[in-house]
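Quick notes on the structure that follows.
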Amino acid sequence: MNDLLGQILGWLPFLSRYQVLLQLALVALVVVGGRFVTRRFAGAAPIWWRELGGTVVGGGLGCGLLAIARQPVALAVLLLSFVASLQLSELVLRRSEGWLPADQIQPLRYLLIRPFLFGGLLWSLIDLLDTRAELALIPLGQWMGANVNVGDLTRLVVVLYLLMVSSGPPSLGVAWLLKRVFALDRVSVRAMGLMVRYAVITLGTVAVMETVGFNSTAMLAIAGGLSVGLGFGVKEVFGNFVSGLWLLFEGSLRPGDIVSLDGDFCEVRRLGLRATRLWRDRDNAELVIPNQTFFNSSTVEFGVGRTRFHTQIALSVDASQPVGTILGLLEEIATAVPGVETHRPPKAYLQGVGDCGADYVLKFWIASPFQNRSVCSAVVRAAVERFQALGIELPYPHLVIERPPVQPIAPGADQTSD
């Protein structure tokens, strides 16, 4: 590690040369000046086209002037090429917004394109400052029984990063093929893809470490320590992670399903590995619920395409009214309310007779649980208006207070009290 630090410190005299500072000043002038000019004098072309053109034209003129003055231009060309590549990639991503999914653009920008460009810039800078072969042989010490140098660590980091970033789409393809071959209809492709991806990352990590020369016994010991740490330190996070995988694999909860949570109906928007994102119709809010919630408590679920909901209202009517007449009226009223399903007619029942009169229950079907409050309110309103028009009394609780009679006081009696 000391050798690597000394090698990096040895680059500082090179960076202090006036030829290097001149090239850095040229790059800064081209980037800052080109951005200011293109934003100040807006034209018909999009801003990214103008910035890319300004970088190419300004950088070409600046490097030409340096070449005429017999000054080195390698560093300036490298940095300007990096800036132009960033602008070109941004332009391509902006053009692809129409056909590429929105949730794929950001990972593509920050996980693949920009790290690749920064890695290429660093690789080329090392080639300018030093010899890559000699730098790769600098030892970093002994790790898990292996003598590791800069080249081994670089190869390990690059391979692990590529495994984590680029193994997603191939894993989904393998999962789709396995699902079709083994006819796993209820198993989610995404869950199988995640399992395949984690298996590929794990096997790739072990293979790279074996190539570097890490001791397998030490790796097993570290894995055991991590398992203990997961068990005690972040068991909730790990439990939600396993629950998310199980939900995805089982297919019991999918985007588009409707679930009942604390008496409110919510739509599943996204099923993640740690938490599930729900949309609540009552207040147009998005809820983030840990995946373990769906394992630790019972959940009422309406799958995609099965959103019809059986609901009911309760009314108390004057007990002197004929039961058959009230039952027929309730069913007729509910049938006429918009939103009540008519292919399965509403059904009214006499639940009992209480202190306030006869208690009736009216059950009917609606198209979606999200309509429960509005349709039930409409049915109750229609029933109250109809009963009032017919002169049918809707009783309500009465509170009767009885006071004891006051005894007259005889004349001359002592009126004092303790």
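Each reported figure results from applying straightforward, stated rules to the coordinates on display, with no laboratory input. None of the values given here were measured: they were computed from a predicted structure. Heads up, the Cβs are rebuilt from the backbone with ideal geometry, glycines too, and the neighbour counts pull from every protein chain shown.
Under the rule a/c < 1.5 gives rounded, and otherwise a/b versus b/c splits prolate from oblate, where does region 44-134 land using the Cα gyration tensor?
Values: a/c = 5.94, a/b = 1.39, b/c = 4.29.
It is oblate, given that a/c is not under 1.5 and a/b is not larger than b/c.
Could you pull out which residues in region 94-128 have an amide N less than 14 Å from a spot 7 Å beyond the Cα of V20, following the Cα-Cβ vector?
125-128
Going by a ≥ b ≥ c, the root eigenvalues of the Cα gyration tensor, does region 311-377 fall in the rounded group (a/c under 1.5), the prolate group (a/b larger than b/c) or the oblate group?
On the way: a/c = 2.73, a/b = 1.82, b/c = 1.50.
The shape class here is prolate.
With just the Cα atoms defining each centre, how far is region 307-328 from region 133-172? Give it in Å.
With region 307-328 and region 133-172 each reduced to a Cα centre, they are spaced 73 Å.
Please order T276, T293, T342 by the number of other Cβ within 10 Å, starting at the fewest.
On the way: T276 25, T293 14, T342 11.
Ranked by crowding around the Cβ, least crowded first: T342, T293, T276.
If you count, for each residue, the other Cβ atoms within 10 Å and average over each peptide, how do 253-262, 317-326 line up from highest to lowest? Before the final figure, lay out each step's value.
Values: 253-262: 16.0, 317-326: 14.2.
The densest-packed peptide leads the list: 253-262, 317-326.
Given a Förster distance of 25 Å, report the FRET efficiency between T293 and S368 from their Cβ-Cβ distance, rounded to the nearest 0.05. Don't skip to the answer; put the middle values down first.
Values: r = 23 Å, r/R0 = 0.91.
After rounding to 0.05, the efficiency reads 0.65.
Would you list C266, C63, C356 from fewest to most Cβ contacts within 10 Å? Can you show the working numbers first?
On the way: C266 24, C63 20, C356 15.
Sorted ascending by nearby Cβ count, the order is C356, C63, C266.
I need the shape label for region 49-207. Rule: rounded when a/c is under 1.5, else prolate if a/b > b/c, else oblate, with a, b, c from the alpha carbon gyration tensor. Working shown, then result.
Working: a/c = 5.02, a/b = 1.40, b/c = 3.58.
Oblate is the answer for region 49-207, as a/c is 1.5 or above yet b/c matches or exceeds a/b.
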